[in-house]
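Okay, structure first, notes after.
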Amino acid sequence: MSGTVAPNAVAAVSEARQWDRLMQMAKLGAIPGDGVNRACLTDLDRESRRLLISWAEPLGLAVSVDAIGNLFLRMEGTEPALAPVLTGSHMDSQPNGGRFDGIWGVIAGLEAVQALREAGVTPKRPIEVVAWTNEEGGRFAPGCMGSMAYAGFRPVETWDAIADKDGLTFGAELAKHMALEADIPRRPLGVVEGTAPFAYVECHIEQGPRLEAEDLEIGVVTGIQGSRWFTVDIHGKSDHAGTTPLRLRKDAMQDMIRAVTALNAIMHDPEDVLRFTVARLEVSPNSSNSVAERVRFSIDLRHPDGDVLRRKGDAIEAVVKAALTTCTATVTETFHAMPIAFDRLVRDAVERAARAQGLGTLRLASGAFHDAQFMSRLCPTGMIFVPSRGGVSHHPSEYTAPDQLAAGARVLAAVLADLAER
Ligand code: GLV
Ligand code: MN
Ligand code: MN
């Protein structure tokens, strides 16, 4: 790539257009307090995909979808047979989510590609913008299903029977979604011969406080800590709350409290590096005057050290079972993502681009998981972070200013121009 091509593309990034698109997307699933609730494979998810496509088609990007609903927008390269450079993120949100988590990575990808087009740049390699299906795992747990399936970690059918809170299964909702998108051309799922990406770059808000605290514009992400998710089912017996003596009960709620207390004890980390979260609870029959027969709760466990994550996660089942007094329990692991370190190819390209644009950079690891975690098995992978106000995310008040997001998209444009010319 000549020395002037990337600067022209960088200059063509439009802060106003990117912000306007984000605000249009934020209307799809808007909730009070500037938040968004756009669960995967819902009508809102489909509306957001159609809106994205309506912006991509006039640019001549080829639209396609794979068997798990991952959506791709492809800008052809001058050498179409070369492995593409992939960029993107997800368009689903948390149930009480913000306007930027995920969606910005997709919109930034489109903005960068549009800027290349407007600058008259057609790199050697194709560039594909991807929107991964179900990154958040808020409706169907776990998250990152689209990228896991694409990267060959699990077959699509793995999650068919997983139900949302209304009892609708992922398999049935995916089939419905694919039928409603029947007009969009299909592509094979994942890597078939010769289609492994050359590199993957994901833009994302930091979701933590460091860039803001250090007054720096760009996070150069070095890797992602590991995460394991578990579902714990406590099985007891329902009884009358007024008549059944405590000594005769099998109270799943009381045993759940014992189990969580015992888990808190083994997960205690004086250095506050380990993240242990119980945040989802289902109780049956969920009636004030019936003893709980079944309690299901979620565990989200994270640590940057794979050994600690393995040890603590592997201990969960025994600790839960030992804490029970009258009930039984089953513990199921639903998500397993080991810590990863990103390759230097993308990291260095991000750093070079940011410095060339006079932006301050910080190398940091991600505490949140991302689709990039799974892509890193397939190809050199990296991420570009921009600051999150107050470090807040997974909340309606999540905020990054238009100029901060534009800075991230400009770095992405330069990185794509660089990688796609190699
Ligand atoms: C992704 O949203 C995560 O929970 O880290
Ligand atoms: Mn995200
Ligand atoms: Mn998220």
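The values are calculated or read from the model by the stated rules, or taken from the named source; none is laboratory data. In this text the structure is predicted, and so the values were computed from the model without any measurement. Because the Cβ atoms are built from the backbone with ideal geometry, glycine has one as well, and the counts that use them run over all protein chains shown. Ligands, DNA and RNA are stripped out before the accessible areas are found, and what is left, the full protein with its side chains, is counted by its heavy atoms. Shrake-Rupley method; radii C 1.70, N 1.55, O 1.52, S 1.80 Å.
Just a few scattered comments:
- Sequentially through the range 74-80, phi angles give Karplus couplings (6.51, -1.76, 1.60; θ = phi - 60°) of 10, 9, 5, x, 6, 10, x Hz, Gly and Pro residues having no value and appearing as x.
- Full-extension gain in nm, THR122 to ASP34, via 0.36 nm per residue minus C-alpha separation: 27.9 nm
- Note on ASP307 and GLU76: their simple-model spin labels are 5.3 nm apart, each label 7 Å out from Cα toward Cβ.
- Couplings 3J(HN,Hα) for the range 149-160, derived from phi with the Karplus relation 6.51 cos²θ - 1.76 cosθ + 1.60 (θ = phi - 60°), are 5, 4, 7, x, 6, 8, x, 4, 5, 3, 9, 3 Hz, where x marks Gly and Pro.
- Choice from LEU180, LEU44, LEU61 with maximal GNM fluctuation in the chain (Cα, 10 Å cutoff): LEU180
- The range 291-422, relative contact order [Cα under 8 Å, separation at least 6], %: 21
- Gain on full stretching of the segment that runs from ASN286 to THR261 - 0.36 nm per residue minus C-alpha separation: 6.9 nm
- Measuring how big the chain is from its alpha-carbon positions, Rg and Dmax come out at 22.6, 82 Å.
- Distance between the range 288-334 and the range 141-203 - C-alpha centres, whole angstrom: 28
- As a calculated quantity, the FRET efficiency between HIS235 and ARG275 at R0 = 25 Å, using C-beta atoms, amounts to about 0.35.
- The lysine pair count for the chain, using Cα distances under 18 Å and pairs eight or more places apart or on different chains, is 5.
- Here the calculated FRET efficiency for THR158 and ALA196, from their Cβ-Cβ distance with R0 = 25 Å, stands at 0.70, rounded to the nearest 0.05.
- Average accessible area per residue (Å²) across the chain - probe 1.4 Å, nucleic acids and ligands excluded: 40
- Of all accessible heavy-atom area on the chain, the percent that carbon and sulfur account for (1.4 Å): 52
- Applying the criteria of a DSSP loop state and at most 10 other Cβ atoms within 10 Å to the chymotrypsin sites (Phe, Trp or Tyr not before Pro) of the range 54-121 yields no site.
- 222 nm mean residue ellipticity, helices alone, for the chain (DSSP H n ≥ 4; -39,500 (n - 2.57); rounded to 500): -10500 deg cm²/dmol
- Shape category assigned to the range 23-180 from the gyration tensor of Cα positions, a/c cut at 1.5: oblate
- The string of couplings for the range 284-299 from the Karplus curve (6.51, -1.76, 1.60, θ = phi - 60°) is 10, x, 6, 9, 4, 10, 10, 4, 5, 8, 9, 10, 10, 9, 9, 10 Hz, one whole number per residue in order, with x for Gly and Pro.
- Comparing ARG38, ARG186, ARG347 in a Gaussian network model of the chain, where Cα atoms under 10 Å apart are tied by springs, the biggest mean-square fluctuation is seen for ARG186.
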